[in-house]
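One structure below.
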Amino acid sequence: MDVFRQAVTPPEVLFVHAPYPGRLKFRAVPSSMFAAAGPFVVANRDRQATYLDPGSPTPEFYAHLESLLATGRVRALCISTSTAAIEETARIAATSSLLAPETLVIVGGPHENDIDNKSANRLPGVHLSIGGEASSALRNLLELYLSDNRTAEEFVRGLHPRNLTEADTCGTFTVASSCWPAGVEFDQGPSRFRDPRPLLIPENYPRFDVFSSPATIPLMVSRGCSYGRCTFCAEANRDGSVIRTSDYEWIARLADRAPEAALYFQDSIFPAGNDSSSELLPLLRNLGREWGCQVYLPTLTERRIAELADHGCTYLYTGIESGAPDVLEGIRKPKVQPRLVAERTRWIAKKGPRVGLSLMFGSMSTNGVVLENERSLNLTRDLTDAVRDTGVRIAGFYPNVQTVLPGTQLARGIAAAGQDLDFYTMPRAPIFDGLEDGGVGYNFLTVATPSANELSLAESIVATAKDIQHLGVCSW
Ligand code: B12
């Protein structure tokens, strides 16, 4: 595990985690970018590669970026972006082509994974974009480019898809080039880099205030989502689920790097199963740290809760979304019924871990019809009261507004219903700025011109969210 350092002086290869243009509630470690950069950075220790993770698109960030690019010393700029940050990505790429036209600009990350219309074909100044299991392709592209004397423009014009298969790439990924009409898909066999252990770690870990520890190490032991049916999430469409079955020893080494840190497993659903019980949990208990993970309530039995708590788990995070059965049905999470949520939180209450509960307001059916109404809002309020009545220790309720993301059933359904969503312009609904996943992107107010009813529903959502949130939000 190498330390990945933040950029102070201009590096040869600069990684940037594109900033979120709303009020970002969680900062953490930009783990997508760390995963993408790992193979290149570790195999090229003699080359200078550093990163920027500004969090928000502040003037200071852009001034720093400009000062690095203007030196002409940055040969490649690699941007990791979510869909929410896509306009900032466009700005970063445009800044680079203005100040450093010879710099190669590559884009990747969650947006590129899920979008059909690839970034290199849409954003001026982006030479290449890579989606999917991108890290080996990124390493090879960077190595090819850095060992070449041509400018970025010449390199990209001379690049042919077959150059990528000649190199030592692995995994399933897409590459799009500003010089090719569309993205090309590659399946280079099993990826060596699907192993969730990190190759790179940050200089410092942030604090996550659901834990009393001064720092928290975010990590994953699986890829993909084992439930994978929610209409609003694209994770099911990715790699499926891979679990390290026999080797968790790296977690102890990772924990040694930050002796006071808690551990937070940010897997979509923390994996259960024999190797988790016989290997991972004992290892975590032996570490003696606070730790937490994300769970899916319908599969969380009383025995499993006891097992997690007995092995030192102090925090469980889960999405309970709504108290209305028709909303739960419409987003394809029908099992997360209020009765089940109350039962499971009662079980958790008996064992002691704290819970973080995510709510999703303003849900739409897959053809874009708004399912939320005053009645469903009241049911959600009742649900949160029922949870409180169980006596479970609540770290926070996290209210979100449902945001349409590329690659989801929701996005496909809305497109099939005739609504054109362009995931390169992010509409704003400032009324939702205070929510977790809030004012940026397509939601029921921004997919089409909202009706008077929808505007008043938005106000009721904000009022309900404020009521529920009274316990305060914890943050990284
Ligand atoms: C940890 C996490 C965070 C962290 C770190 C962000 C990050 N992406 O690194 C924090 C807390 C900051 C965060 C914030 C947000 N997040 Co988040 N987050 C995650 C989470 C749980 C894990 C990410 C991860 O490490 N995955 C594992 C790695 C290995 O996979 P990967 O991310 O796909 O990365 C691979 C490729 O994308 C590629 N790649 C990544 N970067 C780059 C860069 C280049 C140049 C290249 C070529 C390739 C490349 O290589 C990697 C290895 O193959 C994912 C869900 C998930 N399970 O993935 C959501 C997820 C990425 N987040 C999501 C969202 C919506 C957000 C927020 C908008 C929420 C909000 N409103 O605040 C913000 C956006 C912040 C921002 N600046 O844009 C969505 C993104 C969907 C989308 N299409 O954009 C996801 C997918 C959750 C979901 N299913 O909805 N998040």
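The values are calculated or read from the model by the stated rules, or taken from the named source; none is laboratory data. Computed from a prediction, not measured in an experiment: that's the story for all the values here. Positions of Cβ are generated from backbone atoms using ideal geometry, with glycine treated the same way; all protein chains shown enter the neighbour counts. Heads up: the accessible areas ignore ligands, DNA and RNA and are worked out on the full protein's heavy atoms, side chains in. Shrake-Rupley method; radii C 1.70, N 1.55, O 1.52, S 1.80 Å.
The residues packed around Asp382, meaning those with a beta-carbon under 11 Å from its beta-carbon, carry a net charge of +1 if Lys and Arg are +1 and Asp and Glu are -1.
Going by average Cβ neighbours within 10 Å, how do the peptides 402-410, 203-211, 130-138 rank, with the highest at the top? Present the calculation step by step, with values, prior to reporting the outcome.
Details: 402-410: 23.2, 203-211: 18.2, 130-138: 26.1.
My ranking of the peptides, most packed first, is 130-138, 402-410, 203-211.
Modelled this way, with points 7 Å down the Cα-to-C-beta line, the labels at His160 and Asp433 are 5.3 nm from one another.
Leaving ligands, DNA and RNA out of it, rank Asp420, Asp382 by accessible area with a 1.4 Å probe, largest first. Write out the running numbers ahead of the final one.
Details: Asp420 140, Asp382 90 Å².
Order by accessible area, largest first: Asp420, Asp382.
Relative contact order of the chain: what whole-number percent is it, with Cα pairs under 8 angstrom and at least 6 residues apart? Numbers along the way, then the final one.
Working: 976 pairs, mean separation 61.1, N = 476.
Once divided by the residue count of the chain, the mean separation gives 13 percent.
What the Cβ-Cβ distance of Arg150 and Asp116 gives, at R0 = 35 Å and to the nearest 0.05, is a FRET efficiency of 0.70. Region 322-365 and region 101-136 have their alpha-carbon centroids 36 Å apart. Checking every one of the GluC sites (Glu not before Pro) in region 247-318 against DSSP loop status and a limit of 12 other Cβ atoms within 10 Å picks out Glu260.
A simple spin-label model places the labels of Glu459 and Glu260 4.8 nm from each other, with each point 7 Å out along Cα-to-Cβ. Here region 40-92 and region 176-202 have alpha carbon centers that stand 19 Å from each other. How far apart, in nm, are two points set 7 Å out from the Cα along the Cα-to-Cβ line at Ala306 and at Asn274? Calculated label separation equals 2.2 nm.
Helix screen, the chain: DSSP H segments with Cα axial length of 15 Å or more and mean Kyte-Doolittle hydropathy at least 0.5 are 31-43, 86-99, 135-146. Name the shape class, rounded, prolate or oblate, that the alpha-carbon gyration tensor gives for region 2-193, where a ≥ b ≥ c are the square roots of its eigenvalues, rounded holds for a/c under 1.5, and otherwise prolate holds if a/b is larger than b/c and oblate otherwise. The shape class here is rounded.
Ranked by the mean number of other Cβ atoms within 10 Å of their residues, highest first, the peptides 411-418, 357-364 fall in the order 357-364, 411-418. Summed over the residues of region 1-140 and divided among them, the accessible surface reaches 36 Å² per residue at a probe radius of 1.4 Å. When a 1.4 Å probe is rolled over the protein heavy atoms, the share of accessible surface on the chain that falls to carbon and sulfur comes to 49 percent. Express in whole angstrom the spacing between the alpha-carbon centres of region 397-476 and region 223-237. Using only Cα atoms, the two centres lie 19 Å from each other.
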